[in-house]
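Down below is the structure, laid out as structure tokens.
The values are calculated or read from the model by the stated rules, or taken from the named source; none is laboratory data. Not measured: the values here are computed from a predicted model. When we count neighbours, we look across all protein chains shown, and the Cβ atoms used for this are built from the backbone with ideal geometry, even at glycine. Accessible surface areas use protein heavy atoms only, side chains included; no ligands, DNA or RNA. Shrake-Rupley method; radii C 1.70, N 1.55, O 1.52, S 1.80 Å.
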Amino acid sequence: MIVDIKKLTKTFSDGSTKLHVLKDINLQIDKGSIITIKGPSGSGKSTLLSIIGTLDNADSGELLINGMSVQENINIDKLRNKSIGFVFQFHNLISELTLEENVSLPKMIAKEQLDKEELIELFEYFDLKDRMNSFPNDLSGGEKQRVAVMRAVVNNPSIIVADEPTGNLDKENALKMMSLFQKLNTEKKLTIIIATHDEDVFNIGHKKYQLVDGSLDLVH
Ligand SMILES: Nc1ncnc2c1ncn2[C@@H]1O[C@H](COP(=O)(O)OP(=O)(O)OP(=O)(O)O)[C@@H](O)[C@H]1O
Ligand SMILES: [Mg+2]
């Protein structure tokens with residue numbers, strides 16, 4: 001089990017009103033699986049993904065990643081940078097940097113040596129080898145999102161957290177993105193957690209969940 005969540009709760013305060021976004025969430029994610037989460041807008045999908053990705057804290061409950069308690073982990077930044085790759089709805093690439101530089105950023109943050117050969121291999125794997133020196137604005141939406149996935153995997157994480165990764169793509173590019181996730185899952189044994197409004201993306205989950213009224217339920 002790569003992610004183990006027990007009785008997780010999260011509340012937001014909006015002035016005098018309290019918003020119980022996540023109520024006693026339990027979730028066990030097997031290593032090397034794809035899990036998908038759907039639910040109405042505002043149901044807490046992004047909140048849950050942020051907590052799993054250690055970008056936000058829960059109010060109570062337990063979160064174990066690779067058997068390690070996130071709450072007790074003092075090297076949380078390192079854990080996040082090494083173990084988790086993020087893909088968001090908007091690619092968040094830095095327009096002033098080339099694709100090569102964008103993809104290299106997590107390596108630089110981890111203060112790790114950049115292996116040029118490895119980087120070229122990665123660009124080959126993602127079918128963008130000829131574009132390494134291009135800038136994000138010269139790419140199509142689908143290509144940009146592919147670069148965002150490259151940046152997410154450059155540190156060889158064990159988990160990818162993807163929040164509406166196809167939310168900004170047309171059908172054709174959304175399909176390509178799904179195939180890419182499935183390829184990364186089978187070939188690189190990556191565990192992938194996806195929140196989505198798209199039923200086709202939802203259906204690639206080995207386990208599929210629905211978040212409604214603060215509860216997470218398995219969808220059969
Ligand atoms: N920092 C915050 N402060 C107050 N309320 C917040 C905060 N972040 C999220 N919320 C609220 O928590 C609820 C859940 O938000 P969240 O973004 O997790 O929903 P979501 O399921 O991802 O929605 P969508 O499908 O629109 O992306 C919403 O009602 C939102 O307004
Ligand atoms: Mg969201």
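Identification of strands (runs of 3 or more DSSP E) wholly contained in region 1-68 with 3 or more residues that are within 16 Å of ligand 2 (Cβ to nearest atom) yields 17-29, 34-38.
Picking from residues in region 78-104 that are more than 16 Å from the chain's Cα centre (by Cα) and exposed (fewer than 15 other Cβ atoms within 10 Å of the Cβ), the one that is nearest to D163 (Cα to Cα) is I94. Screening I159 with (1) more than 16 Å from ligand 2 (Cβ to nearest atom); (2) surrounded by fewer than 17 Cβ atoms within 10 Å (Cβ to Cβ) gives one miss only, at (2). Exactly one residue out of E143, E187 is away from ligand 1 (no atom under 16 Å from the Cβ) and touching a Lys or Arg at 6+ places or on another chain (Cβ under 9 Å): that is E143.
Looking only at region 114-152, how many residues end up being aromatic (F, W, Y), modelled with pLDDT under 95 and either assigned to a loop (DSSP other than H, G, I, E, B) or surrounded by fewer than 12 Cβ atoms within 10 Å (Cβ to Cβ) (or both)? Spell out the reasoning first.
Let us first name the residues in region 114-152 that are aromatic (F, W, Y), namely 123, 125-126, 135.
So of that shortlist, the ones also modelled with pLDDT under 95 come out as 125-126.
Remaining after also requiring either assigned to a loop (DSSP other than H, G, I, E, B) or surrounded by fewer than 12 Cβ atoms within 10 Å (Cβ to Cβ) (or both): 126.
Looking only at that region, the number is 1.
Being away from ligand 1 (no atom under 16 Å from the Cβ), hydrophobic (A, V, I, L, M, F, W, C) and modelled with pLDDT of 95 or more holds for only one residue in I65, I76, I51, I34, and it is I34.
Condition check ((1) part of a loop (DSSP other than H, G, I, E, B); (2) within 28 Å of M1 (Cβ to Cβ)) across all residues:
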position	(1), (2)
V103	no, no
M108	no, no
E112	yes, yes
I160	no, yes
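Of the listed requirements (1) within 16 Å of ligand 2 (Cβ to nearest atom); (2) out of contact with any helix residue (DSSP H, G or I) (no Cβ under 9 Å at 6 or more places or on another chain), L211 misses just one: (2).
In region 35-77, the qualifying residues are those that are open to solvent by less than 40 Å² (accessible area, probe 1.4 Å) and touching a Lys or Arg at 6+ places or on another chain (Cβ under 6 Å), and the one that is nearest to A152 (Cα to Cα) is T54.
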